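First up is the structure itself, then whatever we jot down about it.
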Amino acid sequence: MNSLKVVSGVGAMTEHDYDENTKVAEEPIILIVDDDRLNLNLLNDLLKDGHRIRVALDGQQALQRARMEPRPDLILMDVVMPKLTGFEVCEQLKREAATADIPVLFITARTSEEDEIRGLSLGGADFISKPIRPEIVRARVKTHLTQLRQKRELQVMHQKLLALSIQDPLTGLTNRRGFDEFLQREWSRCLRSGSHLGLLMLDVDHFKCYNDHYGHLQGDDCLQQLAITLAEQVRRPSDLLARFGGEEFVCVLPDTGLEGVRQVGQAMLQAVRELNRPHGGCPGSAWVSVSIGGTSIVPHGEHTTQQFLQKADQLLYEAKRRGRDTLVVSGSRQNDVAGQ
Ligand SMILES: [Mg+2]
């Protein structure tokens, strides 16, 4: 693509972007739409410092260039143009999800109240009147870009807060709330696709004794070490390990049958054993260990996630009953492939 620095001279203008590609990537992109090349030159000169400028000479080009990645941050739009008017272009942009959020500033000599109302009702952000007054254009552009930046910063902050709200601060794992949402989502997905959903529920053995014996700070440290160790056994990006609460962890394994559940559970059991973390709190338990219940189901309408969780919980209880440091795996009645 040509990269032209157009300062003056209508003859040198092409429909190509002025200098977008030579600019710093962080600078906002402004798309200037005008069928009058003199106006394009003028606006380009006004705004080229600190912005990447993209231009279009008619409505069709404007649509094309607005859709082009990276998308413009702001559009300055002439209203009166042959074929498609600026209003029509704006209307089209607002209809498309990819371009709907780009603020459109109309630049026009038509400043009747009726026109302004029409432009604003079509989703235009502002009106700037011709003839162009440089300071006004710069100020308006600056205002809208500032608003845009603030809006994006808020969105980023919102995303961060959302992420924090589903994170367990002690271990950095997903918390109970995030787990509930994830399980519900995966349940619905597997219900639609008819695939297996695997679940492991883990509990640290004699953890109350551990806290009583070593103190809560050591208890926290133990949970953190376990979180890291268990997470290392969860290898697929689609799987989720979460802190269920207290000294309980859960692991959701999408598209995983009983055999896969057993493998992951076994790996977790073994990895915790290999930590060789002393547990002097209770008679009969020299090392920190976990008990694990595991199950898998092809979700169907008659079951709920609650029952699925209960099943895993029962199997965990069974592992405790069998002397802890144990994995017990079983399917639900309809889906039981391998028994335990
Ligand atoms: Mg015009």
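The values are calculated or read from the model by the stated rules, or taken from the named source; none is laboratory data. Note that the structure is predicted; figures quoted are calculated from it, not measured. Reconstructed Cβ throughout: ideal geometry from the backbone, glycine too, with neighbour counts over all protein chains shown. The accessibility values were calculated without ligands, DNA or RNA, using every heavy atom of the protein model including side chains. Shrake-Rupley method; radii C 1.70, N 1.55, O 1.52, S 1.80 Å.
Each other residue within a Cβ distance under 13 Å of GLN263 adds +1 if Lys or Arg and -1 if Asp or Glu, for a net charge of +1.
Between LEU230, ALA125, GLN167, the Cα set farthest toward the positive side of the dipole of the range 99-243 (charges on each charged residue's Cβ, about the Cα centre) is that of ALA125. Across the chain, where is the longest run that never hits trypsin sites (Lys or Arg not before Pro) in a DSSP loop with at most 15 other C-beta atoms within 10 Å? Result, exposed sites excluded: 84-234. When only the Cβ of Lys, Arg, Asp and Glu is charged (+1, +1, -1, -1), the dipole of the chain relative to its Cα centre reaches about 400 debye. The residues of the range 10-158 have, on average, 50 Å² of accessible surface per residue, using a 1.4 Å probe with all protein chains present.
When the charge dipole of the chain is built from unit charges on Cβ atoms (+1 for Lys and Arg, -1 for Asp and Glu) and taken about the Cα centre, the candidate among THR326, VAL261, GLY293 whose Cα reaches farthest toward its positive end is THR326. Taking each residue as 0.36 nm, the span from GLU27 to LEU154 lengthens on full extension beyond its C-alpha to C-alpha distance by 43.8 nm.
Placing dummy labels 7 Å off each Cα toward the beta-carbon, the span from ASP221 to ARG95 is 6.6 nm. Note on LEU191 and GLU318: the extension gain reaches 43.0 nm, defined as 0.36 nm multiplied by sequence separation minus the Cα-Cα distance.
When +1 charges are put on Lys and Arg Cβ atoms and -1 charges on Asp and Glu Cβ atoms, the dipole computed for the range 10-158 relative to its Cα centre reaches about 260 debye.
The Cys residues in the chain with no partner Cys Cβ within less than 4.7 Å of their Cβ are CYS90, CYS190, CYS222, CYS251. Share of carbon and sulfur in the accessible area of the range 10-158 stands at 53%, probe radius 1.4 Å.
Electrostatic bookkeeping for SER291 treats Lys and Arg as +1 and Asp and Glu as -1; over the other residues with beta carbon under 13 Å from its beta carbon, the sum is -2.
Average accessible surface for the range 176-335: 47 Å² per residue, computed with a 1.4 Å probe over protein heavy atoms with every protein chain in place.
Accessible surface for TRP187 stands near 10 Å², nearest 10, in the context of the full protein assembly shown (1.4 Å probe). Per-residue ellipticity at 222 nm from helix content only, as computed over the chain with -39500 (n - 2.57) for each DSSP H run of at least four residues, stands at -14500 deg cm²/dmol. Treating each Cα of the chain as an identical point scatterer and ignoring solvent, apply the Debye formula and state log10 I(q)/I(0) at q = 0.10, 0.12 Å⁻¹. Those come out to -0.71, -0.79, one per q.
Spatially close Lys pairs in the chain, defined by Cα atoms under 15 Å apart and a spacing of eight or more places or different chains, total 8.
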